[in-house]
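Undergrad: A single structure is presented below for examination.
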Amino acid sequence: MAVKRERPYVQFNFLVDLGDGNTEGADAGFQEISGIGMEVTVSEYRTGNSRENSVMKITGMNKASDVTMKRGVIGSLNLYKWLDQIRNGDQNALRTVTISLQSEDHSQAVQTWKLMRARITKHTSGPLNAKGTDVAMEELVLAYERLEME
């Protein structure tokens with residue numbers, strides 16, 4: 001449930017449920033999530049005998065943008081197993097992924113985004129660099145059919 005206040009919430013306190021009910025531990029820990037959003041398309045239409053010299057805007061289809069999630073490589077194969085289910089055509093592989101923004105003291109979720117019927121469309125690991133000092137990262141792109149906010 002969204003909690004309204006005058007001062008905006010900070011962006012770094014969030015929980016992710018990848019559809020398995022777990023928001024604790026390294027499997028659900030991500031450094032960054034970007035691209036949460038949706039768009040409603042509009043079609044333009046005008047009849048030939050319209051008295052106005054302008055088009056009507058007709059509400060069209062709803063489109064959800066892909067979400068990118070990044071985290072450090074932790075040696076867990078849970079995401080790979082989910083991706084394997086998807087590429088093998090498992091009809092039960094679609095999940096509801098929930099992202100919850102937390103209050104500063106982590107006592108409550110102040111806003112929640114639900115990605116309905118989500119699936120992994122891309123998984124990238126790396127770059128790996130023997131001379132670097134950065135954390136090894138993996139990136140996950142999710143496509144989903146509908147966005148709901150609470």
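Undergrad: Mind telling me which of the residues 73, 67 ends up being within 24 Å of residue 138 (Cα to Cα) and surrounded by 13 or more Cβ atoms within 10 Å (Cβ to Cβ)?
TA: So the residue among 73, 67 that is within 24 Å of residue 138 (Cα to Cα) and surrounded by 13 or more Cβ atoms within 10 Å (Cβ to Cβ) is 67.
Undergrad: Only residues in the range 128-142 that are without any contact (Cβ under 8 Å) to a residue 12 or more places away in the chain count as the first member; pair them with residues that are of a type outside the set (D, E, K, R), Cβ under 8 angstrom, at least 6 apart or cross-chain, and list the lot.
TA: From residues that are without any contact (Cβ under 8 Å) to a residue 12 or more places away in the chain, the pairs are 128/136.
Undergrad: For the range 112-130, enumerate the residues that are exposed (fewer than 15 other Cβ atoms within 10 Å of the Cβ) and either aromatic (Phe, Trp, Tyr) or touching a helix residue (DSSP H, G or I) at 6+ places or on another chain (Cβ under 8 Å) (or both).
TA: If the condition is that a residue be exposed (fewer than 15 other Cβ atoms within 10 Å of the Cβ) and either aromatic (Phe, Trp, Tyr) or touching a helix residue (DSSP H, G or I) at 6+ places or on another chain (Cβ under 8 Å) (or both), then 123 is the only one that fits.
Undergrad: Of all residues in the range 78-104, how many are in contact with a helix residue (DSSP H, G or I) (Cβ under 9 Å, 6 or more places away or on another chain) and part of a strand (DSSP E or B)?
TA: Looking only at that region, the number is 1.
Undergrad: If I ask for residues that are out of contact with any strand residue (DSSP E or B) (no Cβ under 8 Å at 6 or more places or on another chain) and among the hydrophobic types (A, V, I, L, M, F, W, C), which ones from the range 104-143 would you list?
TA: The answer is 128, 130.
Undergrad: OK, next. In the range 47-77, which residues are in a loop (DSSP other than H, G, I, E, B) and among the polar types (S, T, N, Q)? Reasoning before the result, please.
TA: Going through the range 47-77, the residues in a loop (DSSP other than H, G, I, E, B) turn out to be 47-55, 65-66, 73-77.
Hits for the range 47-77 are 47, 49, 50, 53, 54, 65, 76.
Undergrad: I need the full set of residues from the range 1-29 which are in a loop (DSSP other than H, G, I, E, B) and hydrophobic (A, V, I, L, M, F, W, C), in order please.
TA: Answer for the range 1-29, where residues must be in a loop (DSSP other than H, G, I, E, B) and hydrophobic (A, V, I, L, M, F, W, C): 1, 2, 3, 10, 12, 18.
Undergrad: Sticking with this structure for a sec: Collect the residues in the range 88-101 that are closer than 17 Å to residue 18 by Cβ and either free of Cβ contacts under 8 Å to residues at least 40 places away in the same chain or not β-branched (Val, Ile, Thr) (or both), keeping them in residue-number order. So that I can check it myself, show each step before the final result.
TA: The initial filter retains those residues of the range 88-101 that are closer than 17 Å to residue 18 by Cβ, namely 90, 92-101.
Matches in the range 88-101: 90, 92, 93, 94, 95, 100, 101.
Undergrad: Collect the residues in the range 31-46 that are polar (S, T, N, Q), under 14 Å from the mean Cα position of the chain (by Cα) and either part of a strand (DSSP E or B) or at pLDDT 95 or above (or both), keeping them in residue-number order.
TA: We begin by selecting, within the range 31-46, every residue polar (S, T, N, Q); these are 31, 34, 41, 43.
Now restrict to residues that are under 14 Å from the mean Cα position of the chain (by Cα): 31, 34.
Across the range 31-46, the qualifying residue is only 34.
Undergrad: State which residue is surrounded by the most Cβ atoms within 10 Å (Cβ to Cβ) when the search covers only the range 1-41 and only residues that are touching a strand residue (DSSP E or B) at 6+ places or on another chain (Cβ under 6 Å) and among the charged types (D, E, K, R).
TA: 17
Undergrad: Also, quick follow-up: Need pairs with beta-carbon distance below 6 Å; first residue within 19 Å of residue 94 (Cβ to Cβ) and within the range 4-23, second among the hydrophobic types (A, V, I, L, M, F, W, C); sequence gap 6+ or separate chains.
TA: 16/28; 16/30; 16/99; 18/97; 19/97; 22/28
Undergrad: Is it the case that residue 90 is out of contact with any Leu (no Cβ under 7 Å at 6 or more places or on another chain) and surrounded by 13 or more Cβ atoms within 10 Å (Cβ to Cβ)?
TA: So residue 90 fails the test.
The values are calculated or read from the model by the stated rules, or taken from the named source; none is laboratory data. Note that this is a predicted model, so its numbers are computed, not measured. Every residue, glycine as well, gets a Cβ built from its backbone with ideal geometry; the counts of neighbours run over all protein chains shown.
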